[in-house]
Amino acid sequence: MSPAHQRSQQSAAVPGARHGRLRKSSPWLTGIKATAAALAVVMVSGAGVAAYAAWDIVNTAKPSVTLSNTAEVPPIDEIKGGVNLLLVGSDSRQGQDPSFGDPTKETGVLNDVTMLLHISEDHSAASVVSFPRDMFVDVPECVGPDGQKYPAMRSAKINSTLARGGLACTVSTVEKLTNLSIPFAAEVQFNGVIELSNAVGGVEVCVAQEISDRYTGTFLEPGMHNLQGLDALQFLRTRHGVGDGSDLGRISNQQVFLSALVRELKDSATLSDPTKLFSIAKAAVSNMTLSSNLNNINTMVQIALALKAIPLEQVVFVQYPNALGSSGGQSGVLPLKGPADELFAAISGDKPISLSGDTGLGSVKEDPATPGAPTESATQAPATQAPATQAPATPDAGTGTLAPTDGGAVVLPPSVQGQTAGEFTCSAGNAKPKR
């Protein structure tokens with residue numbers, strides 16, 4: 001039995017997330033949620049499973065988080081207008097399987113993954129921006145879920161915001177950084193990623209060079225791999241096994257997975273399949289902490305429907321432009337304000353974006369006909385960024401211009417790395433060749 005197969009079997013034994021004390025819900029509120037869920041499932045999944053689905057969703061939903069922004073929920077259909085949704089991945093071991101480590105010793109509560117999904121108002125394009133966990137940003141004043149106030153901070157690492165004020169604080173920080181309003185947000189832990197990957201039935205990813213990471217137990221030979229459950233989680237977590245071993249390499253490796261996921265969802269018509277859609281929604285509400293106006297089956301279905309018709313070439317994954325640097329005696333990365341301004345001006349203006357940079361340290365473009373085969377791009381040394389010494393607030397002139405292409409897309413400077421879902425990429429492992 002292969003190690004990957006053994007891990008897949010082990011993932012099935014990982015228990016669901018355990019929760020702390022929940023707020024008591026009133027019969028009135030429960031009734032409203034049940035009615036809304038029943039209506040949504042009838043319209044999306046058919047009356048045959050409506051009663052069970054409504055009961056199941058109400059009884060598995062986690063407590064929601066109230067954000068400063070709210071959005072009115074329209075009837076079941078594609079959501080009207082644009083969408084800004086922040087997804088946060090917490091590395092907290094609290095309530096997780098013991099195999100991930102002792103929650104009192106392993107880690108604090110850090111948002112090691114922070115990604116912003118934007119869907120344009122006309123639903124013709126979507127972008128996902130990943131924020132490096134070690135990027136220095138200004139953090140606004142936050143109030144934690146327990147009412148504790150945290151003062152504003154200058155030049156703090158973005159992955160500290162979850163511990164300072166919970167999901168709402170991370171949202172406020174990204175809003176300040178991007179000048180965007182973010183009404184929807186979700187937080188997921190290890191078990192949630194496992195269950196969500198199981199709900200979509202796994203993802204086929206390409207590996208160009210061997211990945212060998214003993215920290216996460218990720219060992220993959222070049223070629224195609226179907227990743228599900230624990231295997232999918234560890235692939236998304238690995239950084240020692242890809243690129244230069246940094247978080248920046250991990251981001252581009254995660255984009256390999258995410259772009260493959262988008263292709264899979266479209267090819268399998270999952271976004272048009274009521275049964276699959278319900279399964280994914282159930283996994284989300286059962287394993288994620290959602291902002292109050294996202295903790296609703298109607299809203300989740302509406303957002304999924306808005307993504308259904310977007311061409312693969314218009315689903316773009318990008319890394320927030322950055323450069324190596326330090327602040328306050330800590331090493332990390334500093335935001336490149338010029339290219340970032342161009343990126344978010346395009347997003348704010350609902351303009352499609354086009355990339356001129358490479359895919360990043362942890363991935364390479366490949367030929368779909370021979371996935372994982374050695375190519376020139378797979379053996380090239382990754383582009384390096386010069387260390388930055390300026391303070392995070394100092395503007396950077398950027399290296400490109402906010403110029404539209406013939407198709408109306410804004411061409412971003414090369415410092416904005418990433419890929420589209422229409423591009424076939426593979427993970428760039430960094431294991432030493434076998435003798």
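Multiplying the residue separation of Lys80 and Ala431 by 0.36 nm and removing their Cα-Cα distance gives an extension gain of 121.7 nm.
The residues of segment 242-333 have, on average, 32 Å² of accessible surface per residue, using a 1.4 Å probe with all protein chains present.
Each residue of segment 237-276 gets 69 Å³ once the volume of the Cα convex hull is shared out per residue. Cβ-Cβ distance of Asp273 and Ser348, R₀ of 35 Å, FRET efficiency by 1/(1 + (r/R0)^6): the value works out to about 0.55. In whole percents, the pair-distance distribution calculated for segment 118-209 from its alpha-carbon pairs, binned every 5 Å from zero, is 3, 11, 17, 18, 18, 14, 12, 6, 2, 0.
Let's see if you can work this out: charge +1 on each Lys and Arg Cβ, -1 on each Asp and Glu Cβ, no other charges. What is the dipole magnitude of segment 222-278 about its Cα centre, in debye to the nearest 20?
60
Compare the peptides 127-138, 149-160 by average per-residue count of other Cβ atoms within 10 angstrom and give them in order, highest first. Spell out each step's value before the answer.
Numbers: 127-138: 22.6, 149-160: 17.2.
Ranked by mean Cβ neighbours within 10 Å, highest first: 127-138, 149-160.
The values are calculated or read from the model by the stated rules, or taken from the named source; none is laboratory data. All values reported here derive from a predicted model rather than from experimental measurement. FYI the Cβ positions are ideal-geometry reconstructions off the backbone, even for glycines, and counts take in every protein chain you see. The area values use the complete protein model at the heavy-atom level, side chains included, leaving out ligands, DNA and RNA. Shrake-Rupley method; radii C 1.70, N 1.55, O 1.52, S 1.80 Å.
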